[in-house]
Amino acid sequence: MKINDKQLAQVNDRIKALVDAGSFYGKKLSEAGITSVSSAEEFENLPFSEKKDLRDAYPLGLMTAPEDKIVRIHSSSGTTGTPVIIPYTAKDVDDWAEMFKRCYETAGITNMDRIHITPGYGLWTAGIGFQNGAEKLGAMTIPMGPGNTDKQLEMMQAMKSSVLCSTSSYALLLTEEIEKRGIQDKIHLKKGVIGSERWSKKMRDRIASGLGIELYDIYGLTEIYGPGIGISCKYDTGMHYWDDFIYLEIIDPATGKTVPDGEMGEIVITTLVKEGAPLIRYRTHDLSRIIPGECPCGCGFPRIDVIMGRTDDMMKIKGVNVFPSQIEEILGSFHEISSEYQIRISHLDGKDTMRIYVETTGDYDFNEIAKKVAEKVKSRIGFTPIVKVVEVGVLPRSMKKTARVIDERFEEN
Ligand code: ZN
């Protein structure tokens with residue numbers, strides 16, 4: 001999906017604001033001699049922005065609007081090192097609430113819903129984003145924040161909360177607690193709005209059936225407003241994103257080139273109207289793809305797939321970019337094999353080789369399964385792996401998810 005003329009004009013307006021303010025990116029653009037772009041091709045040659053840059057601009061280097069226009073800051077919780085500070089104008093706060101309201105509406109949530117918000121309030125963008133969007137929608141909010149499960153369940157029953165806003169792990173914990181206490185019939189939840197992270201279908205089904213609710217994936221990151229820049233609709237065919245506020249590209253994380261619609265890669269986002277801290281071509285390191293075509297809901301906003309992982313997980317095999325989630329998805333389509341697997345990549349006789357270990361019971365023909373899995377990987381991803389089928393229980397159980405992929409190419413060198 002190429003950038004259109006209206007979006008291009010908005011980008012130029014933001015470039016001018018950045019340069020005029022002389023803020024962190026304004027200086028970078030000035031130094032590179034960039035004052036505007038006149039085509040999609042020129043846009044695709046603009047330098048990327050990175051989280052590292054945002055840290056370098058600490059504390060207020062990103063501030064692009066005059067201070068009397070700034071009403072708030074948010075900060076992303078860096079696990080290591082300097083945090084990132086994002087300043088917001090009143091218009092930014094309002095635009096964000098507008099996008100979030102649209103998310104609720106896309107999920108079929110109305111001003112008669114009671115929205116139970118469990119993400120945290122404070123420096124980060126989670127709780128307050130859910131809150132402002134719900135207020136703009138006109139719904140009653142129950143601003144819980146995280147933790148204190150007893151209180152959560154008490155309020156959920158007394159207030160008859162109809163929408164749960166949560167991370168997937170907290171939604172699972174609440175599901176289990178509700179079942180343990182046998183209070184399912186006192187819970188009035190109908191829908192869940194769940195912060196998009198990579199979560200398994202198994203977990204999703206567990207929450208949906210345990211609570212008897214429909215689930216919606218919501219997307220966003222602090223650097224770009226916060227959660228609420230996209231959400232799945234009832235057809236669950238990916239997440240619609242608001243292309244009147246953001247321009248979204250998918251790039252090959254290795255080459256930095258944009259990839260055709262439908263192909264997997266890294267999400268890169270440009271804010272089209274943000275004042276406090278506009279970002280041009282910000283690399284999110286989230287993996288997804290643009291879903292071509294129209295959604296059956298007919299809403300007209302473009303879609304990306306649910307987040308498939310992070311670019312750090314990417315493997316390059318025989319010149320093809322592969323993500324563990326793609327293999328996992330293929331393996332998940334075979335009912336004959338268990339959920340455990342291991343991927344080993346090695347370099348033999350001048351060639352990259354991927355071996356996939358899967359487990360099955362004695363009820364199935366090992367060779368038949370190996371052949372079918374290899375064929376499916378070949379047809380979906382484009383190369384043939386060596387598939388080894390073992391008895392259930394043979395693969396190590398205590399391994400963390402990331403350790404399921406072992407790249408032996410680097411050990412050999
Ligand atoms: Zn839709």
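When residues in segment 1-49 are screened for being of a type outside the set (Lys, Arg) and assigned to a helix (DSSP H, G or I), 24 of them pass.
A residue that is farther than 25 Å from residue 202 by Cβ and over 33 Å from the mean Cα position of the chain (by Cα) occurs nowhere in segment 355-364. Give the residue that is surrounded by the most Cβ atoms within 10 Å (Cβ to Cβ), with candidates limited to residues of segment 196-216 that are within 16 Å of the ligand (Cβ to nearest atom) and not small (Gly, Ala, Ser). Result: 216.
Listed by first and then second residue, the pairs with beta-carbon distance under 7 Å, at least 6 apart or on different chains, first residue in segment 336-349 and of a type in the set (Lys, Arg), second open to solvent by less than 60 Å² (accessible area, probe 1.4 Å) and part of a strand (DSSP E or B), are 344/355; 344/406. When 302, 385 are checked against the criterion of being within 16 Å of the ligand (Cβ to nearest atom) and not aliphatic (A, V, I, L, M), 302 stands alone in meeting it.
The condition (being among the β-branched types (Val, Ile, Thr) and surrounded by fewer than 23 Cβ atoms within 10 Å (Cβ to Cβ)) is satisfied by just one residue among 117, 187: 187. Segment 217-298 holds strands (runs of 3 or more DSSP E) entirely within its bounds, and those carrying 2 or more residues that are within 16 Å of the ligand (Cβ to nearest atom), out of contact with any helix residue (DSSP H, G or I) (no Cβ under 6 Å at 6 or more places or on another chain) and over 23 Å from residue 32 (Cα atoms) map to 226-232, 239-241. Does segment 303-326 contain at least one residue that is open to solvent by 40 Å² or more (accessible area, probe 1.4 Å), under 30 Å from residue 92 (Cα atoms) and either assigned to a loop (DSSP other than H, G, I, E, B) or modelled with pLDDT of 95 or more (or both)? Within segment 303-326, one or more residues are open to solvent by 40 Å² or more (accessible area, probe 1.4 Å), under 30 Å from residue 92 (Cα atoms) and either assigned to a loop (DSSP other than H, G, I, E, B) or modelled with pLDDT of 95 or more (or both).
Cβ-Cβ contacts under 6 Å between residues 6 or more apart (or on different chains), taken from a first residue in segment 39-59 that is more than 13 Å from residue 247 (Cβ to Cβ) to a second residue that is part of a helix (DSSP H, G or I), are listed as 57/24.
The values are calculated or read from the model by the stated rules, or taken from the named source; none is laboratory data. These figures come from a predicted structure and were not determined experimentally. A quick note on method: Cβ atoms are made from the backbone with ideal geometry, for glycine too, and the neighbour counts reach across all protein chains shown. With ligands, DNA and RNA removed, areas are computed over all heavy atoms of the protein, side chains included. Shrake-Rupley method; radii C 1.70, N 1.55, O 1.52, S 1.80 Å.
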